[in-house]
1. Name every residue in the stretch B:22-70 that is small (Gly, Ala, Ser), more than 7 Å from every other protein chain (Cβ to nearest Cβ) and not in a helix (DSSP H, G or I), in order of residue number.
2. If you scan the stretch B:249-275, which residues turn out to be within 9 Å of another protein chain (Cβ to nearest Cβ) and either among the charged types (D, E, K, R) or free of Cβ contacts under 8 Å to residues at least 24 places away in the same chain (or both)?
3. Whether any residue in the stretch B:287-294 is in contact (Cβ under 8 Å) with a residue 60 or more places away in the chain, in contact with an Asp or Glu (Cβ under 6 Å, 6 or more places away or on another chain), within 20 Å of B:Arg170 (Cβ to Cβ) and buried (at least 22 other Cβ atoms within 10 Å of the Cβ) is what I want to check.
4. Would you check if C:Arg60 is more than 11 Å from chain A (Cβ to nearest Cβ) and among the basic types (Lys, Arg)?
5. Could you please let me know if C:Ile238 is in contact (Cβ under 8 Å) with a residue 60 or more places away in the chain, surrounded by 17 or more Cβ atoms within 10 Å (Cβ to Cβ), away from chain A (no Cβ under 14 Å) and aliphatic (A, V, I, L, M)?
6. When you look at A:Thr178, is it under 30 Å from B:Ile24 (Cβ atoms), assigned to a loop (DSSP other than H, G, I, E, B), within 30 Å of the chain's Cα centre (by Cα) and not small (Gly, Ala, Ser), yes or no?
7. Quick check: anything in the stretch B:59-78 within 19 Å of the chain's Cα centre (by Cα) and crowded, with 24+ Cβ neighbours inside 10 Å?
8. I want to confirm something. Restricting to the stretch A:200-237 and keeping residues that are free of Cβ contacts under 8 Å to residues at least 12 places away in the same chain and in contact with a Leu (Cβ under 9 Å, 6 or more places away or on another chain), which single residue is surrounded by the most Cβ atoms within 10 Å (Cβ to Cβ)?
Amino acid sequence: MTSSAGQPLHAPLEISFDYTRSLGPTLSEFVTALAGRRLLGARASDGRVHAPPFEFDSATGAPPAEFIEVGPAGTVVTWTWTDRPLEGQPLGHPFGWALIRPDGADTALLHAVDAGAAGAMATGMRVRPRWSDRAGSGITDIACFEPESSAGPAGQADGSGASDKAHGEPAETVTMITTPVRLSYDHTVSPGESAYLLALAQGRLIGQRCPACGKVYLPPRGACPVDGVPTKDEVELPDTGIVTTFCVVNVPFHGQKFPSPYVAASVLIDGADIAFQHLILGCPPDEVRMGLRVRAVWKPREEWDVGHNIDHFEPTGEPDAPYDSYARHL
Amino acid sequence: MKQRAAVLGTGQTHHRSKRADVSIAGLCREAVDRALADADVPADQIDAIVVGKAPDLFEGVMMPELYLADALGAVGKPLLRVHTAGSVGGATGVVAASLIQAGVHRRVLAVAFEKQSESNAMWALSITPPFSMPVLAGAGGYFAPHIRSYIRRSGAPNHIGAMVAAKDRRNGARNPYAHLRQADMTMEKVLASPMLWDPVRYDETCPSSDGACAVVLGDQAAAEASDQPVAWIRATSMRTEPTMFSGKDNVNPRAGADAAAALWEAAGITSPRDQIDAAEIYVPFSWCEPMWLENLGFAEPGQGWRMTEAGETEITGSLPVNPSGGVLSSNPIGASGLLRFAESAMQVTGKAGEHQVAGAKTALGHAYGGGSQYFSMWVVADTPD
Amino acid sequence: MTDVAVVGFAQARSERHSPATTNGVEMLVPIFHEVFGATGLTKADVDFWCSGSSDYLAGRAFSFVSAVDAIGAFPPVMESHVEMDGAWALYEAWLKVLTGEAEIALAYGFGKSSAGTLRRVLALQLDPYLVAPLWPDSVSIAALQARLGIEAGLWSEQDMAEVAVRSRSSAITNAHAQLSGSTSAAELLCEPYIADPLRAHDCAPVSDGAAVVILATGSRASELCARPAWITGFEHRIDSASLGARDLTTAPSAVAAGAAAGAGRAQVAELHAPFTHQEIILRRALGLDAGNDRSGDGARINPSGGALCGNPMFAAGLARIGSAAAEIMSGRADVALGHATSGPALQQNLVCVMEAP
């Protein structure tokens, strides 16, 4: 069997969402100032000017009493160098990360420094922000920092000399930022589920029997959830079963792949000891009932792949199963 | 051995679909400030913080308690982060209580939150990993078939769910912090609302909320030193069973029944229906009220709906259920369980305002989550034993 | 206070790419079997279970809910979960034993770090408003910390390389380690930087794995284990999340937790240091080096090779406590310390001090 001999099935999983972050008063003040090319800090109960300002003082829980303009130029407190930038980082070419203490502040902020080469980075070096054209985006309004000694890369929007010029306050206070989060994973399924999926690719339904309790799991799980032992013995199952329970879906929802209304049902395959959820088509939704006998309707063979090749279930026309025969599966 | 523990104070946010006026830290801080003020405990007397919330993907922050350490006043202190799916707010209360019952700390702050408007909870829930069955029915689609099973098994009439929904929404109107406050809601209006996941109607489902809840817990000395009325924790209980397994009873899950049995025994309660004066039960879909009444042992199996139908669960009934309006009126997922626990404490301290159950002395807080998989609960009372 | 001891420990081998799922079941089933075999316990003997794991490591919400399949959680169990390293799950389990609600408690942690790009995933632990949008990776954050110490004269790249040399050498006898072998600081220092001043040897490998630890009360512990590792101090603290506002050359939370737990008496310590310089910070914070704050010899550090030789996220801290307990159970030490860390640049630290009977 492929899944026991080789690796279990795995495939890419991408998660991506643009989070909308409401800022609240303190972060809004800071981000709005950034949009106006100003950097703010605030004095905490520890006596230090924190830049960026704290939202709530870690000792007192209080928000800042007032904001203090700092920088925007500052001094590198510590640094490192990135040869291969990762997705989402401020620069696409090699750059430095640094903790930068803005002039007039007692704490440092983290940002990228476009220094050209690691050899150009040094603790104590003076840097200034290179402002992005995209005002109001939050911390990314600062595209990166750059050495104060540099003339600035050619072609930079606004020119190098404009970096410390006032850009003017934006018309509106920034109250919300958008933070895209995109991550890539390699998702692996269990050996039992691999076997199930590979069998589906051949038009077969394969369950696995727990060696301890004898129950047949379809699809197999990593282990029998009752006994905590892997299920191994394969059981070939028919593609017929009963609807134990169901709901009629009338509402469109995110990710929906079928027009409403339709029936999502728990289908208990004959010979299996656990139901799975599937679609019931082939009859009006109001004719679906608990105990209805159903059979799988497979997708056209040319559409099969390693995965879910059953398109839906439809009534067989047989008499309904008696309630007592499936009551313990509800 | 086990030390006594009590709720010294509670706080919660105004729950809304979007709390666009605050950051995540600001949302939490709003609840924390109210809880500290209610308990009359200064922040520097808090020994440890327990944070609960549901999946990190909802806000797009990995372990947000790390970033929140400063705003929560946790710097230099112990901080724990609990996550037990939808029951997490309840588990947060239980873990916070354990810190005191174990004799480790004197005063503990429990904070639970969800800021669902940062993303779309449905997005996070509907990520379909490769090879898995495509999402067929959305959120309600998981629970609606089990509700159908309950109706079939109990023979409950069609309108019970609507009665629960109307009651909880009307109760919500008595609660100044509730997200949905619908004083004029009726069973007829609920029945007339669109059928989303037959047998579940629109008005029978919980909203999606931004919100937070905080609870200050203390040991016996702290409780006795308090000028405020306190809610003594008589017992806590947690049970888990697998998400799905052959023979799982989705109508009356054994994990819930076992948790309740252990809870009543530990609290010295022999007849919950007679001895509990108010119950805050996790009811995200209206039909969960009769189901959980049975699961918790307030009614025999198949009979819970009769209590609802007879009006016993109204705020004026023999067992008021969700006088706060419950999850059906406010659902900041990670906080929803702790809200149930906090509201139960508010009832026995007489602090529930317009939704106060007259004379409540002993109350239940309950939460569940996952595929009816995780259960957590506590009993609080106005005296230590 | 009730006497509580570690009586059992098992771990999966750290692997760069485990074929297991992100719900941990395949890694957990064998180690549950192993630890039950060693203690003679069954799942029915466990009064409380607690796990640690992360949804973002797995890339999906509720990734931990299926892990209880590995338990065989029916009839239902008293169980909880922390979105933290399993070491904090052990802390919650310890609380349950202290309350009297459990005599036997089991904590486990699991993580498949290889499912995503770990150093990028961990950027999501940073302030979501002003720091995470820049996606600073965990290795770069650690590098900023390492340079601060180097330039303050607190440690050198040579010191850091020597930590790696000792760790890999110690790991030669650890069958669960992912990296091991004999090398020299001179050899390692010839390698290029991956994030100046960090080289590959300064960084823990990306690891998949799992660990389990069993606790028992006084009356049960001695029946289950010839030399239980009695917990005499169990403390944890968190520091500010503001990387630019705290002194990154030390870890105040480790200092405080160590002092409260009695760290200075340890003869051996398993430190969860994912970077070489962080081991140096932790040794000093916990008073483990010979010298001013310690009479006599310094403690033996990371006889297992530590996280630098295998760092399964959300299990590695628990494995440190288990490995420290194993030093006592085996008779190699009378006082042992297990440590776990969480968050960027050693933000959160936990110390568990254990002693022989």
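The values are calculated or read from the model by the stated rules, or taken from the named source; none is laboratory data. As the structure is a prediction and not an experimental result, all values here were calculated from the model. Reconstructed Cβ throughout: ideal geometry from the backbone, glycine too, with neighbour counts over all protein chains shown.
1. Residues of the stretch B:22-70 small (Gly, Ala, Ser): B:23, B:25-26, B:31, B:35, B:37, B:39, B:43, B:48, B:52, B:54, B:60, B:69.
Subsequent filtering for residues that are more than 7 Å from every other protein chain (Cβ to nearest Cβ) retains B:31, B:35, B:37, B:39, B:48, B:52, B:54.
Answer for the stretch B:22-70, where residues must be small (Gly, Ala, Ser), more than 7 Å from every other protein chain (Cβ to nearest Cβ) and not in a helix (DSSP H, G or I): B:Ala48, B:Gly52, B:Ala54.
2. Of all residues in the stretch B:249-275, those within 9 Å of another protein chain (Cβ to nearest Cβ) come to B:249-251, B:253-259, B:262, B:266.
Hits for the stretch B:249-275 are B:Asp249, B:Arg254, B:Asp258.
3. no
4. No; evaluated as a whole, the condition is false for this residue.
5. no
6. Values: under 30 Å from B:Ile24 (Cβ atoms): yes; assigned to a loop (DSSP other than H, G, I, E, B): no; within 30 Å of the chain's Cα centre (by Cα): yes; not small (Gly, Ala, Ser): yes.
It is false that A:Thr178 is under 30 Å from B:Ile24 (Cβ atoms), assigned to a loop (DSSP other than H, G, I, E, B), within 30 Å of the chain's Cα centre (by Cα) and not small (Gly, Ala, Ser).
7. The first filter runs over the stretch B:59-78 and keeps only residues within 19 Å of the chain's Cα centre (by Cα), leaving none.
Among the residues of the stretch B:59-78, not one is within 19 Å of the chain's Cα centre (by Cα) and crowded, with 24+ Cβ neighbours inside 10 Å, which makes the answer no.
8. Filtering the stretch A:200-237 for residues free of Cβ contacts under 8 Å to residues at least 12 places away in the same chain gives A:202, A:214, A:223, A:225, A:228.
Then keep just the ones that are in contact with a Leu (Cβ under 9 Å, 6 or more places away or on another chain); that gives A:223, A:228.
Details: A:Ala223: 28, A:Gly228: 25.
Applying the filter and picking the extreme gives A:Ala223.
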